[in-house]
Amino acid sequence: MADNPPLTFSIKFHGGVDEVTGSRHLVELGDKRVLLDCGLFQGHRLQSLEKSRTFPAEPASISAVLLSHAHIDHSGGLPLLVKQGFSGAIHCTAPTADLLSIMLRDSALIQEEDAKFFNKLHADEGVTIEPLYTLADAEKTLGFLVPHPYDEHFPVAEGMEGSLHNAGHVLGSAMVRLSLKTLKRTRHVLFTGDLGRRDALIMNPPKIPHHVDYLLTESTYGGRRHPEITGVAEALTEIILRSEKENGPLLIPTFALERAQELIYMLGKLMARGKIKPIPIYVDSPMATDITGLFQKHLDSLSISDDFRRYVSRNGDPFEGPAVHYVRMSEESKRIMNLPGRKIIMAGSGMCEGGRILHHLRNLVGEGNTTILFVGYQAQGTLGRQLAEGAKKVRIFGLTHDVAAQIQRMKHFSAHADQDDLDWFIQGLSPRPEKIFLVHGGQEQREALKAHLENQGIGRLELPHYGERFELD
């Protein structure tokens with residue numbers, strides 16, 4: 001009788017390498033395929049659309065998806081995967097499942113609306129675009145979600161077992177642990193997803209796991225350190241007071257998950273303590289409005305810190321108050337553009353690549369008394385990155401606009417681990433992984449983190465490239 005063929009084990013990187021969007025990593029054990037994350041790419045439209053449409057394997061051949069969290073650069077490709085034939089389980093935490101019911105629908109609607117608006121603007125040129133997927137595709141995808149509590153072990157595919165562990169990044173975010181039975185032994189892969197900070201406003205920090213053979217870790221802030229979270233109140237106060245002197249609007253491109261809630265929470269505290277004058281806050285995002293409601297539902301989640309729960313117990317719901325106005329209808333969104341005087345408008349998307357923020361920018365980016373405040377990472381090629389780096393002219397919906405608004409940036413709010421946090425996490429792994437793959441970072445950031453870790457005596461580091469496959473044992 002012939003010997004059994006070797007049970008090959010490999011990881012293929014098909015996104016979230018050399019960049020921080022489009023997170024997609026394919027794990028193969030024999031003929032079984034499992035996808036870690038399935039995100040959308042963000043950046044230059046044509047290039048991003050082309051990459052978002054391609055997968056590392058035929059979607060129908062993939063057994064399951066293990067999802068780290070609900071951010072669209074990690075989850076937004078799921079409806080397209082389903083549209084192209086995937087029919088397996090999508091494993092995630094319960095808060096992530098609830099968030100996806102909002103965020104995937106919103107992603108589909110934004111794509112449909114933006115395509116419609118773009119096509120209307122360029123009707124005379126005969127230029128049209130199509131959305132990647134529709135609301136119906138997003139609805140179908142939700143039927144494949146399989147929620148799990150943290151630390152529960154569950155079957156994924158033949159020879160593979162999974163579990164999800166608090167990553168400390170956003171509500172419901174998880175590190176994905178995948179155990180694989182090869183012919184010789186059981187191997188453990190840990191994918192951090194987006195790793196949170198040791199100190200945060202709302203989230204619990206990640207807990208360092210044991211026994212990791214192969215680590216896939218994010219490196220968004222390799223070579224960088226965040227300002228201390230304790231300085232967020234002072235920095236935000238300074239920007240608001242500066243905007244107050246201009247008597248104009250403060251426009252904040254905002255990620256609907258986590259960043260919106262942190263801002264509402266902090267702005268309410270500043271007003272309650274008399275640090276800033278009362279100012280109307282318009283949360284111009286149906287998605288952020290719905291997600292904010294989920295924080296109350298999942299207040300007991302292990303991903304939310306004890307400190308935040310105690311604050312809620314003492315002071316009541318921090319997301320409600322006379323200054324906060326949640327905007328759902330597009331007609332109301334249009335009206336707040338014309339309201340005179342001071343106001344804070346928070347709208348998505350956080351990188352200015354879609355959604356209502358584009359309409360506000362179209363109307364306000366050319367006004368000198370407007371302040372635009374960036375409070376999150378801006379990926380290379382995005383409109384947000386162009387504005388944050390001081391562009392004097394930008395294109396919005398295909399039309400060129402002069403930039404006269406004052407641009408401000410705050411790095412205190414980042415939900416990503418910085419280099420010190422990453423070092424703490426990796427140094428804490430025992431025994432040390434046999435190989436560490438640095439993903440979810442630009443090449444400069446990955447190289448900086450690699451050099452830092454090597455100086456700490458940590459080797460066997462890899463910087464995978466798009467489409468690269470590593471055969472493991």
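Taking the DSSP bridge list for the chain and keeping only pairs wholly inside it, about 45 percent are antiparallel. When the pairs Lys12/Lys181; Lys51/Lys83; Lys51/Lys450 are compared against a 21 Å limit on Cα-Cα distance, Lys51/Lys450 fall above it. With the convex hull of the Cα atoms taken as the outline of the range 230-409, the averaged projected area works out to 10.4 nm². Label-to-label distance for Phe118 and Gln84 is 1.8 nm, based on points extended 7 Å past Cα in the beta-carbon direction.
Exposure proxy ranking for Leu399, Leu250, Leu364, based on other Cβ atoms within 10 angstrom of each Cβ and starting from the fewest, stands as Leu399, Leu364, Leu250. In this label model, Ile396 and Glu331 are separated by 2.4 nm, measuring between points 7 Å along each Cα→Cβ vector. Residue by residue, the range 162-167 carries 3J(HN,Hα) couplings of x, 7, 10, 9, 3, 9 Hz when phi is fed to the Karplus relation 6.51 cos²θ - 1.76 cosθ + 1.60 (θ = phi - 60°); x denotes Gly or Pro. Bridgeable lysines around Lys343 (alpha carbons under 26 Å apart, same-chain partners fewer than 8 residues away excluded): Lys245, Lys269, Lys275, Lys277, Lys334, Lys392, Lys393, Lys411.
On average, how much area does the Cα convex hull of the range 190-239 cover when viewed from any direction, in nm²?
Projected over every direction and averaged, the Cα hull of the range 190-239 covers 4.7 nm².
In percent, rounded to a whole number, the relative contact order of the chain is 20, using alpha-carbon pairs under 8 Å and six or more apart. Across the range 155-216, counting alpha-carbon atoms alone, Rg and Dmax equal 13.1, 45 Å. Per-residue Cβ neighbour counts within 10 Å put Phe470, Phe295 in the sequence Phe470, Phe295, beginning with the fewest. Remark: relative contact order (the range 230-409) = 31 percent; criterion is Cα-Cα distance under 8 angstrom and separation of 6 or more residues. Treating each Cα of the chain as an identical point scatterer and summing with the Debye formula, the log10 of I(q)/I(0) at q = 0.11 Å⁻¹ comes to -0.88. Within the range 230-409, DSSP assigns beta bridges of which about 20% are antiparallel (rounded to the nearest 5). Across the range 379-412, the residues whose backbone nitrogen lies under 11 Å from the label position 7 Å along the beta-carbon direction of Glu125 are 396-400. With 0.36 nm allotted per residue and the present C-alpha distance subtracted, the Asn247-Lys269 stretch has 5.8 nm of extension available. Cβ-to-Cβ counts within 10 Å put Asp37, Asp73, Asp420 in ascending order as Asp420, Asp73, Asp37, the fewest first. Each part reduced to its alpha carbon centroid, the range 338-385 and the range 393-408 end up 10 Å apart.
No lab work stands behind these numbers, since they all come straight from the coordinates. Predicted model, so just to flag it, every value in this text is computed and none were measured. A quick note on method: Cβ atoms are made from the backbone with ideal geometry, for glycine too, and the neighbour counts reach across all protein chains shown.
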